[in-house]
Amino acid sequence: MSIQTVARRYASAMADVALERGEGKEVQQELREWSELLQANANLQEVFRNPTIPLDKKRAVLGKLIERGKPAPITANFLKVLLQNQRLTDLPDINRKLAEILDERAGMVAAKVTTARPVPQSSQDALKEKLTSVTRKKVRVDFEQDPELIGGLVTRIGSTIYDGSVRNNLQQIKEKMAG
């Protein structure tokens, strides 16, 4: 079974429980923090990944981390389930899928806009309105910068990419001239 399938199953189950309790965003934030903790600490990754370390010792490590971090009960239980099923190291993928599912259920889509230079707030707001009208959904826009674009912008919504960058236009002209 692919990691994407596994992540979708766990994320969907977590979304069901979290939304039922009205704790969707809180749980998402806590799981993001846990994921960052695990990714930043190679020793923890090794402990939870290593099949030669007994499950009881892994539970004890996770228990101490939960004790110190004091996550909500729903988050703590989810982390324990992931550990039990040897999926704790898949938390980053599960988090990404959870964010998608929560956005989808809220009628929202995520857009990533990459520009060559900083974009003024008024232009960000106008672009967000335009994307909302195009998608007919609420849009959460994340802005990034990439000086290699030269100018213009690249917008990604799901698997759709709108590339209006100067770099792309120059590349198309180059290809036409090359024949």
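Since every read-out is calculated from the coordinates, none of them should be taken as a lab result. Because the structure is predicted, anything quoted here is derived from the model rather than measured. For neighbour counting, all protein chains shown are included, and Cβ atoms are generated from backbone atoms with ideal geometry for every residue, glycine included.
Summary of computed values
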item: Alpha-carbon centroids, segment 22-48 and segment 81-135: separation in whole Å; result: 17 Å
item: Gyration tensor verdict on segment 13-52 (Cα atoms; rounded if a/c is under 1.5, prolate if a/b is larger than b/c, oblate otherwise); result: oblate
item: Residues with amide H under 5 Å from that of Val139, placed H, sequence gap 5 or more; result: Val109
item: Integer Hz, Karplus 6.51/-1.76/1.60 couplings in order for segment 90-102, x for Gly and Pro; result: 8, 4, x, 5, 5, 4, 4, 5, 4, 4, 4, 5, 5
item: Residues whose placed amide H lies under 5 Å from that of Ser165, excluding near-sequence neighbours; result: Leu153
item: Size descriptor, Kirkwood hydrodynamic radius, that averages inverse alpha-carbon separations across segment 108-178, Å; result: 12.8 Å
item: Length added when fully stretched, Ala60-Glu23, from 0.36 nm per residue minus Cα-Cα; result: 10.7 nm
item: Choice from Ser122, Ser165, Ser12 with maximal GNM fluctuation in the chain (Cα, 10 Å cutoff); result: Ser122
item: Virtual spin-label span in nm between Asn77 and Asn43, 7 Å along Cα→Cβ; result: 3.2 nm
item: Check: segment 3-103 dipole with +1 on Lys, Arg Cβ and -1 on Asp, Glu Cβ, in debye; result: 340 debye
item: Segment 108-178 - percent relative contact order, Cα under 8 Å, separation 6 or more; result: 39 percent
item: HN-Hα J in Hz across segment 114-125 - Karplus 6.51, -1.76, 1.60, θ = phi - 60°, x for Gly and Pro; result: 10, 10, 6, 9, x, 9, x, 4, 4, 6, 4, 5
item: Cα-based equivalent ellipsoid, segment 3-103: semi-axes from gyration tensor eigenvalues, Å; result: 22, 15, 12
item: Antiparallel DSSP beta bridges within the chain, percent to nearest 5; result: 55 percent
item: From the C-alpha gyration tensor of segment 31-179, square roots of 5λ in Å; result: 42, 20, 14
item: Fewest-first sequence of Leu149, Leu98 by Cβ atoms within 10 Å of each Cβ; result: Leu149, Leu98
item: Fraction of beta bridges assigned by DSSP in segment 108-178 that are antiparallel (%, nearest 5); result: 55 percent
item: Debye, to nearest 20: dipole size of the chain, +1 on Lys, Arg Cβ, -1 on Asp, Glu Cβ; result: 220 debye
item: Using θ = phi - 60° and Karplus 6.51 cos²θ - 1.76 cosθ + 1.60, couplings along segment 64-70 (whole Hz; Gly, Pro as x); result: 5, 5, 5, 4, 6, x, 6
item: Segment 3-103, relative contact order in percent, only Cα pairs under 8 angstrom and at least six apart counted; result: 54 percent
item: For the chain: relative contact order, % (alpha-carbon pairs under 8 angstrom, 6 or more apart); result: 21 percent
